[in-house]
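S.K.: One structure follows; several queries about it will come next.
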Amino acid sequence: MAEKGKVYFVGAGPGAIDLITVRGLSLIKEADIIIYAGSLVNPELLSFKKEGAFVYDSSKMTLDEIVERMVSSAKNNETVIRLHTGDPSLYGAIGEQMRELKKRDIPFEVCPGVSACFGAAASLSLEYTLPDVSQTLILTRLSGKTLVPKSEAIESLAAHRASMAVYLSSGMLPELTQKLIAGGYEEDTESALIYKATWPDEKVIRAPLSKIPKLAEMEGIDRFAILIVGAALSENDFSNSKLYDKNFDTAFRKGEGK
């Protein structure tokens with residue numbers, strides 16, 4: 001049950017309204033104040049708010065305005081929901097908001113959500129971590145208005161040739177694909193660009209990495225998309241997991257013949 005005088009950072013999920021968590025939906029229903037990322041969060045989620053709850057669109061607000069609204073409402077003993085797209089811990093800019101709340105001794109809590117890379121994987125029927133292919137998933141973005149540390153440059157990460165999900169970069173696809181190829185992925189590495197993953201108007205482009213920019217241009221996709229790249233997208237020749245191997249011991253069963 002939500003507490004009065006507290007701020008809750010809630011992950012709304014990637015788009016489909018039934019992909020919010022049970023806890024997240026419960027918090028929305030109890031909120032007195034909802035501040036939501038209007039440019040990204042599915043507005044249908046607001047239909048679950050209780051009568052009399054006030055809604056603010058953070059896409060039209062500055063950080064100072066958001067913090068002021070949260071603080072004043074919490075001090076007024078109201079339950080505040082800060083509704084972010086996907087999972088708030090990933091590119092949600094909640095760190096700066098929580099820092100300001102701490103300065104003002106405002107209690108807060110985070111409710112996780114389903115990130116776009118997992119919504120995209122579901123749409124693609126994809127497992128990122130196939131044995132012998134990749135056991136690593138890299139979540140990153142191309143440097144833009146928000147800079148990326150030099151040690152995390154796309155080329156450096158591409159050298160691992162692991163499964164990779166690239167956020168917030170669909171407006172820079174020619175540059176992105178060039179850097180991925182220069183870093184280590186082959187031009188023909190199977191890739192997928194997913195526009196608005198799990199939304200009703202979702203679009204999926206599957207193609208070799210070098211062809212993604214042109215196909216995206218033809219579809220008019222330059223935002224709200226995530227790029228998935230890596231051999232796991234196309235590899236069928238991989239070993240079965242040891243977890244269910246009949247000859248493999250686990251904490252719950254003995255392998256056959258042992």
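The values are calculated or read from the model by the stated rules, or taken from the named source; none is laboratory data. The model shown is predicted, which means the values in this text are computed figures rather than measured ones. Glycine gets a Cβ as well: all are built from the backbone with ideal geometry, and neighbour counts include every protein chain shown. We work out accessible area using only protein heavy atoms, side chains counted, and drop any ligands, DNA or RNA first. Shrake-Rupley method; radii C 1.70, N 1.55, O 1.52, S 1.80 Å.
S.K.: Quick check on the range 1-14. Is at least one of its residues in contact with a Leu (Cβ under 7 Å, 6 or more places away or on another chain), among the hydrophobic types (A, V, I, L, M, F, W, C) and either surrounded by fewer than 17 Cβ atoms within 10 Å (Cβ to Cβ) or assigned to a loop (DSSP other than H, G, I, E, B) (or both)?
M.R.: We begin by selecting, within the range 1-14, every residue in contact with a Leu (Cβ under 7 Å, 6 or more places away or on another chain); these are 2, 7-8, 10, 12-13.
Next cut, among the hydrophobic types (A, V, I, L, M, F, W, C) only: 2, 7, 10, 12.
Subset that is either surrounded by fewer than 17 Cβ atoms within 10 Å (Cβ to Cβ) or assigned to a loop (DSSP other than H, G, I, E, B) (or both): 2, 12.
Checked against the condition, which is being in contact with a Leu (Cβ under 7 Å, 6 or more places away or on another chain), among the hydrophobic types (A, V, I, L, M, F, W, C) and either surrounded by fewer than 17 Cβ atoms within 10 Å (Cβ to Cβ) or assigned to a loop (DSSP other than H, G, I, E, B) (or both), the range 1-14 yields at least one hit.
S.K.: With A182, A121, A162, A158 as the choices, which residue is in contact with a helix residue (DSSP H, G or I) (Cβ under 7 Å, 6 or more places away or on another chain), on the phi < 0 side of the Ramachandran plot and crowded, with 17+ Cβ neighbours inside 10 Å?
M.R.: Within the list A182, A121, A162, A158, the selection yields A158.
S.K.: So which of I33, I20, I66 is of a type in the set (V, I, T), in contact with a Leu (Cβ under 8 Å, 6 or more places away or on another chain) and touching a residue at least 24 places away in the same chain (Cβ under 8 Å)?
M.R.: Answer to the selection: I20.
S.K.: Just for helices (runs of 4 or more DSSP H) wholly inside the range 65-166: which have at least 2 residues that are out of contact with any Cys (no Cβ under 7 Å at 6 or more places or on another chain) and more than 28 Å from P43 (Cα to Cα)?
M.R.: By residue number, 94-103, 154-158.
S.K.: Select from the range 200-219 the residues that are assigned to a helix (DSSP H, G or I) and either open to solvent by 40 Å² or more (accessible area, probe 1.4 Å) or closer than 15 Å to G119 by Cβ (or both) and list them in ascending order.
M.R.: Within the range 200-219, S210, K211, K214, L215, E217, M218, E219 meet the criteria.
S.K.: Something else now. Please specify each residue of the range 220-242 satisfying the condition of being loosely packed, with under 13 Cβ neighbours inside 10 Å and either at pLDDT 90 or above or touching a Ser or Thr at 6+ places or on another chain (Cβ under 9 Å) (or both). Steps first, answer last, please.
M.R.: Pass one, the range 220-242, residues loosely packed, with under 13 Cβ neighbours inside 10 Å: 220, 223, 236-237, 239-242.
Of everything in the range 220-242, those that are loosely packed, with under 13 Cβ neighbours inside 10 Å and either at pLDDT 90 or above or touching a Ser or Thr at 6+ places or on another chain (Cβ under 9 Å) (or both) turn out to be G220, R223, K242.
S.K.: Looking only at residues in the range 165-174 that are closer than 22 Å to L90 by Cβ and of a type outside the set (V, I, T), which one is surrounded by the fewest Cβ atoms within 10 Å (Cβ to Cβ)?
M.R.: G171
S.K.: Separate question: Mind listing just one residue for me: the one in the range 178-199 that is without any contact (Cβ under 8 Å) to a residue 40 or more places away in the chain and not in a loop (DSSP other than H, G, I, E, B) and, of those, nearest to A116 (Cα to Cα)?
M.R.: First, the residues of the range 178-199 that are without any contact (Cβ under 8 Å) to a residue 40 or more places away in the chain: 178-179, 181-184, 186-188, 193, 195.
With the extra rule that they be not in a loop (DSSP other than H, G, I, E, B), the set shrinks to 178-179, 181-183, 193, 195.
Working: Q178: 23, K179: 22, I181: 23, A182: 26, G183: 24, L193: 12, Y195: 10 Å.
Here the answer is Y195.
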